[in-house]
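Worksheet for the structure shown next.
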Amino acid sequence: MYGYIVDVVNLLLRWLHVIAAIAWIGESIYFVMLDNSLRKPKAAEDHEKGVSGEMWAVHGGGFYHNQKYTTAPAKLPNDLHWSFWKAYTTWLTGFALFVVLYMASPEFYLVNANSPWAWAAELSGWQANLLALAFLLGGWVVYNELCKRISPNMERDGLLSLAVAVMMVIVAYLSTQLFTGRAAFLLTGAVMATAMSANVFFWIIPGQRRMVKAMKAGEAPNPLDGKRGKQRSVHNTYFTLPVVLLMISNHYSFLYSHELAWVVMALLIFAGAVIRQFFVLMHAGHNKPGYLVAGAALIVLAFWVGAPSASGPASAEAGSPGREQVSAIIEQHCVQCHARDPAHAGFSAPPAGHVFESWDEIKQQREIIQQVVGNHYMPLGNITNMTAEERDIIAAWEE
Ligand code: HEC
């Protein structure tokens with residue numbers, strides 16, 4: 001029953017999370033497009049009112065006329081539309097999902113038994129949970145400090161972007177050493193997603209509140225608030241494509257099972273940002289297909305680096321192991337989870353739909369070899385302590 005409830009909570013949280021994220025990212029992409037598509041207003045009276053740009057659009061059977069005021073409009077209406085709940089809902093549901101899915105069973109979802117650092121491989125469950133939380137918080141603190149120190153008055157955008165790029169390579173590297181591959185990709189995505197939500201929560205919305213307050217009091221708003229809001233929201237736009245990729249990565253174990261998974265991850269993050277740049281420029285009226293080509297090249301490079309090595313097992317035993325030997329290993333290491341009615345408390349149904357209770361089921365061996373020998377992803381978190389010798393036996397098994 002416990003496993004069933006976890007599954008239902010997981011589904012409902014994920015449903016809300018995806019809907020909120022679609023709404024938030026959609027709106028964010030829309031506003032970057034709007035800002036970049038603004039053209040000088042035609043009517044002279046608009047110039048006098050302080051309108052700096054406008055965009056005409058047709059959508060859903062109606063015509064829309066957006067105007068942007070750079071200076072305060074003569075009168076600010078009371079029913080301004082604010083955007084923040086989508087960002088907060090996305091973060092809150094995402095964090096809740098992380099708690100339910102990873103932090104509830106950290107010993108096999110977070111702890112990296114293959115970590116090159118012995119202390120990390122030996123973390124207890126709650127230590128791994130604390131480390132994951134520190135990782136998320138640390139990511140935001142470092143990113144925020146980089147912004148404040150390199151660009152206190154919203155200058156040196158290029159240098160800041162470079163610093164954030166270097167930071168993301170370090171995050172990708174550390175995450176894959178400290179946590180299981182699947183959690184590493186997710187946590188790196190979560191570091192970026194946390195920065196995005198925190199940008200909204202700590203800077204963009206408070207800045208806008210100060211601006212509105214000043215305007216209502218008839219004072220000139222601090223221009224830094226507007227500039228900072230813009231800077232952080234531009235960062236958010238470059239984070240969106242990489243974040244979405246990292247969030248869906250957990251369905252693709254080939255992504256995070258490679259030794260150089262951090263390089264693959266960093267290249268894909270850059271690919272996402274570069275492809276986003278193509279669209280940002282396109283909306284501003286500049287067609288620069290070079291960015292698309294560069295993005296595609298980075299993706300090709302990532303999958304070239306991450307391709308599985310063709311070499312077979314290091315020490316193939318003499319002859320192929322028999323059915324009894326293989327069955328015994330699967331029985332001992334897999335069936336507590338991969339059964340119709342799993343004995344493992346965390347599962348109410350066979351994980352990923354795979355059942356290995358009979359020889360006929362075990363015979364779908366390609367998948368087994370891939371998960372056990374190809375990427376060491378199974379047994380999950382090596383919770384059943386499978387030995388290297390046992391992996392070699394599976395590797396040498398052919399039927
Ligand atoms: C602690 C529970 C647990 C144990 C033990 C375990 N698995 Fe899994 N297995 C899972 C879960 C959970 C998934 C789904 C993982 C995912 O979605 O990334 C899974 C997925 C799989 C998949 C599908 C992977 C994919 O990406 O489609 C295969 C194949 C697999 N396991 C084989 C094995 C084999 C072989 C063993 C024993 C050597 C084993 N598992 C032991 C929990 C377990």
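Just a few scattered comments:
- Residue among Phe356, Phe303 that is surrounded by 12 or more Cβ atoms within 10 Å (Cβ to Cβ) and over 27 Å from the mean Cα position of the chain (by Cα): Phe356
- Residue check for Arg149: surrounded by fewer than 22 Cβ atoms within 10 Å (Cβ to Cβ), assigned to a helix (DSSP H, G or I), among the charged types (D, E, K, R) and out of contact with any strand residue (DSSP E or B) (no Cβ under 6 Å at 6 or more places or on another chain): yes
- Any chance Gly229 is modelled with pLDDT under 95, of a type outside the set (S, T, N, Q) and touching a Phe, Trp or Tyr at 6+ places or on another chain (Cβ under 8 Å): yes
- Taken over the stretch 97-118, the criterion of being more than 19 Å from Ala190 (Cα to Cα) and open to solvent by 30 Å² or more (accessible area, probe 1.4 Å) is satisfied by Glu107, Ala113, Asn114, Pro116, Trp117, Ala118.
- You will find that of Tyr64, Tyr4, Tyr30, the residue that is touching a residue at least 40 places away in the same chain (Cβ under 8 Å) and open to solvent by 80 Å² or more (accessible area, probe 1.4 Å) is Tyr4 and no other.
This table checks each residue for (1) closer than 30 Å to Gln371 by Cβ; (2) of a type outside the set (A, V, I, L, M, F, W, C).
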| position | (1), (2) |
| --- | --- |
| Cys147 | no, no |
| Ile150 | no, no |
| Ala190 | yes, no |
| Asn236 | no, yes |
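- Verdict on Val234 being within 24 Å of Val280 (Cβ to Cβ), among the β-branched types (Val, Ile, Thr) and either modelled with pLDDT of 95 or more or touching a Ser or Thr at 6+ places or on another chain (Cβ under 9 Å) (or both): no
- Test: residue in the stretch 199-216 that is of a type in the set (Lys, Arg), part of a helix (DSSP H, G or I) and under 22 Å from Val32 (Cβ atoms): yes
- Residues that are within 23 Å of Leu187 (Cβ to Cβ) and open to solvent by less than 80 Å² (accessible area, probe 1.4 Å) do not occur anywhere in the stretch 45-57.
- Note on the stretch 317-399: enclosed helices (runs of 4 or more DSSP H) holding 1 or more residues that are more than 8 Å from the ligand (Cβ to nearest atom) and among the acidic types (Asp, Glu) are 323-333, 359-362, 388-396.
- Long-range neighbours under 9 Å by Cβ, at least six apart or interchain, first residue in contact (Cβ under 8 Å) with a residue 40 or more places away in the chain within the stretch 349-364, second open to solvent by less than 60 Å² (accessible area, probe 1.4 Å) and within 10 Å of the ligand (Cβ to nearest atom): Ala349/Pro342
- If the condition is being open to solvent by less than 60 Å² (accessible area, probe 1.4 Å) and in a helix (DSSP H, G or I), then the stretch 119-133 contributes Ala120, Ala121, Gly125, Ala128, Asn129, Leu131, Ala132.
- Odd one out for Ala120, checked against (1) under 21 Å from the mean Cα position of the chain (by Cα); (2) of a type outside the set (Asp, Glu); (3) under 16 Å from Ile383 (Cα atoms): (1)
- Within the option set Leu292, Leu268, being open to solvent by less than 40 Å² (accessible area, probe 1.4 Å), in a helix (DSSP H, G or I) and not polar (S, T, N, Q) holds for one residue only, Leu268.
- Here Phe179 passes the criteria (1) of a type outside the set (Ser, Thr, Tyr); (2) within 16 Å of the ligand (Cβ to nearest atom); (3) open to solvent by less than 10 Å² (accessible area, probe 1.4 Å); (4) without any contact (Cβ under 8 Å) to a residue 60 or more places away in the chain except the one numbered (4).
- Residues of the stretch 182-225 satisfying the condition of being crowded, with 18+ Cβ neighbours inside 10 Å and β-branched (Val, Ile, Thr): Thr188, Val191, Thr194, Val200, Ile204
- Tally of residues being assigned to a helix (DSSP H, G or I) and either open to solvent by 30 Å² or more (accessible area, probe 1.4 Å) or farther than 21 Å from Val164 by Cα (or both) across the stretch 274-289: 8
- Of residues in the stretch 67-91 being of a type in the set (D, E, K, R) and open to solvent by 80 Å² or more (accessible area, probe 1.4 Å), the one farthest from Met192 (Cα to Cα): Lys75
The values are calculated or read from the model by the stated rules, or taken from the named source; none is laboratory data. What you see is a predicted model; the values in this text were computed from it and never measured. Here the Cβ is made from the backbone with ideal geometry for all residues, glycine too, and neighbour counts use every protein chain on show. To get the accessible areas, we keep the full protein, side chains included, count just its heavy atoms, and leave off ligands, DNA and RNA. Shrake-Rupley method; radii C 1.70, N 1.55, O 1.52, S 1.80 Å.
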